[in-house]
């Protein structure tokens with residue numbers, strides 16, 4: 001399985017449009033080679049380079065689950081696809097990069113599951129990951145970079 005973006009190449013800079021320095025909309029994403037037997041997809045966007053002062057080991061920018069496996073593309077500023085979970089700020093939406101100190105890595109992780117998750121909208125990433133336990137068929141990753149502007 002693969003996750004890609006037409007907006008940036010792997011390990012390259014995420015365009016300003018998709019950051020909190022500008023429009024703060026989600027980038028376009030494409031999913032390929034979703035395995036047979038996939039019932040739902042989960043998409044997580046995480047920043048593991050968050051400074052210690054933030055008080056969390058990883059900053060969750062986007063938690064999206066129960067995406068249909070028939071969805072092979074999320075358009076720019078995707079809305080109404082899947083179920084939104086809670087990001088670190090407590091919002092139920094995409095929250096783009098805005099690193100305060102140095103260049104950060106942003107991991108877009110896609111998981112193919114053999115089930116729909118029974119957690120409600122607004123669940124935390126941890127609740128989603130707990131519900132995924134034992135149901136992951138495969139996963140894919142795309143890393144984008146962002147530095148303070």
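Summary of values
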{"item": "FRET efficiency, residue 2 to residue 101 (Cβ-Cβ, R0 25 Å, nearest 0.05)", "result": "0.20"}
{"item": "Over the chain: helical MRE at 222 nm, DSSP H runs n ≥ 4 each giving -39500 (n - 2.57), nearest 500", "result": "-1500 deg cm²/dmol"}
{"item": "Ratio Rg/Rh [Cα only; Rh per Kirkwood] for the chain", "result": "0.94"}
{"item": "Mean Cβ count within 10 Å, highest first, over the residues of peptides 32-40, 51-59, 82-90, 3-11", "result": "82-90, 3-11, 32-40, 51-59"}
{"item": "Linear extension gain, residue 149 paired with residue 72, 0.36 nm per residue minus alpha-carbon span", "result": "24.5 nm"}
{"item": "Nitroxide proxy distance, nm - points 7 Å out along Cα→Cβ at residue 121 and residue 36", "result": "3.5 nm"}
{"item": "Fully extended contour minus Cα-Cα distance, from residue 135 to residue 92, at 0.36 nm per residue", "result": "13.1 nm"}
{"item": "Residues in segment 101-128 that a label on residue 58 would reach, taking backbone N under 13 Å of a point 7 Å out along Cα→Cβ", "result": "106-111, 125-128"}
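Just so you know, all these numbers are worked out from the coordinates, no wet-lab data involved. As the structure is a prediction and not an experimental result, all values here were calculated from the model. Here the Cβ is made from the backbone with ideal geometry for all residues, glycine too, and neighbour counts use every protein chain on show.
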